[in-house]
Structure formats: C-alpha cells, structure tokens
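What follows is one structure encoded as structure tokens, with my remarks underneath.
The values are calculated or read from the model by the stated rules, or taken from the named source; none is laboratory data. Just so it is clear, the model here is predicted, and its values are computed rather than measured. With ideal geometry, Cβ positions are generated from the backbone for all residues, glycine too; neighbour counts draw on all protein chains shown.
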Amino acid sequence: MTLDGTNTWLIAEPGSSSALVVDPGPDDEAHLRRVRDEVAAAGQRVAKILLTHGHPDHAAGAAAFAAMTGAPVLAADPAHRLGSEGLAPGDTVTAGGCEVRVVATPGHTADSVCLLLPADA
C-alpha cells in the first residue's frame, strides 16, 4: 500500500557520478527497477539510500534496493539501517555533489527526519 503514491527522491548535482536516493518506497520490484534505471540514465550510481521514516510506503523496499545497488541504507531507527551509518539530528550526508543536513522531526513517527539541502536554503 502506498496511499496516494510513493515519493522517492533522487538527489545529485548535474554531472555528478553518484546520487542519493531518499525513501525508495514499497518492496515492489518494478518500482525499484525504475528508480535504479533513472539513476543510471543520469550516468550515476546510487551512493546512499536515506529513509525519512520507517513506514512501509517509504522504507519497505530499502533492503531490496540496497541489494540491487550495493548502497547502504541510512535511517534514524537502527532497525531500518543496512550498513554502519545512521542518521542523527545535525548529521551531514555527502554524496552526489550535495550536502544534506538531517533534521529531527518526530511526530508522524518517532524516527521521522527531514533532509535539508543547505545550498538550496
């Protein structure tokens, strides 16, 4: 179930060799392949997968997408991480020629975070 759909975000500067993928979405192979193919069409590889929170419409496909791309999954909740990195308030994640700052926004879920691109603020 994806409610009104899945908002999966690809973050990278044009010409970068890598990209961040935010909220890969449900465990739906066709959807995950489309996300992977969009990154590849831009001439990029997935460097990191970031989760804004652990609800299934945002995070259920993260493990399959990580297996598909070889990228680690970063999340505030350790239960959703794949790899050694997490997301904590104030962290800065760098990839795709971008810096993304982690902002805690608990409410929707206890592990909810927003991602701020300071260069665009």
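Counting the residues of the range 19-44 that are more than 13 Å from the chain's Cα centre (by Cα) and within 19 Å of Glu85 (Cα to Cα) gives 0. Close contacts from the range 1-29, counting a first residue that is under 15 Å from Ala40 (Cβ atoms) and a second that is at pLDDT below 90, with Cβ to Cβ under 9 Å and a gap of 6+ residues or different chains, come to Pro24/Thr6.
I'd like the residue in the range 18-31 that is touching a strand residue (DSSP E or B) at 6+ places or on another chain (Cβ under 7 Å) and assigned to a loop (DSSP other than H, G, I, E, B) and, out of all such residues, is farthest from Phe65 (Cα to Cα). Break it down stepwise before answering.
Our first condition is that a residue be touching a strand residue (DSSP E or B) at 6+ places or on another chain (Cβ under 7 Å); within the range 18-31, this holds for 18-24.
After this cut, where a residue has to be assigned to a loop (DSSP other than H, G, I, E, B) as well, the list is 23-24.
Values: Asp23: 10, Pro24: 7 Å.
In this case the residue turns out to be Asp23.
Taken together, the residues in the range 66-109 that are in contact (Cβ under 8 Å) with a residue 12 or more places away in the chain and either part of a strand (DSSP E or B) or within 14 Å of His55 (Cα to Cα) (or both) amount to 19.
Is at least one residue of the range 42-64 surrounded by 15 or more Cβ atoms within 10 Å (Cβ to Cβ) and among the polar types (S, T, N, Q)? Talk me through it step by step, then tell me what you get.
Pass one, the range 42-64, residues surrounded by 15 or more Cβ atoms within 10 Å (Cβ to Cβ): 42, 44-55, 57-64.
Still in the running and among the polar types (S, T, N, Q): 44, 52.
The answer is yes; a qualifying residue exists.
Among the residues of the range 66-121, those identified as charged (D, E, K, R), surrounded by 14 or more Cβ atoms within 10 Å (Cβ to Cβ) and either touching a Gly at 6+ places or on another chain (Cβ under 8 Å) or at pLDDT 95 or above (or both) are Asp77, Arg81, Asp91, Arg101, Asp111.
Residue-wise test of (1) in contact with a Leu (Cβ under 9 Å, 6 or more places away or on another chain); (2) of a type in the set (A, V, I, L, M).
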{"site": "Gln44", "(1), (2)": "yes, no"}
{"site": "His53", "(1), (2)": "no, no"}
{"site": "Ala60", "(1), (2)": "no, yes"}
{"site": "Val73", "(1), (2)": "yes, yes"}
{"site": "Leu87", "(1), (2)": "yes, yes"}
{"site": "Val93", "(1), (2)": "yes, yes"}
{"site": "Thr105", "(1), (2)": "no, no"}
{"site": "Ala110", "(1), (2)": "no, yes"}
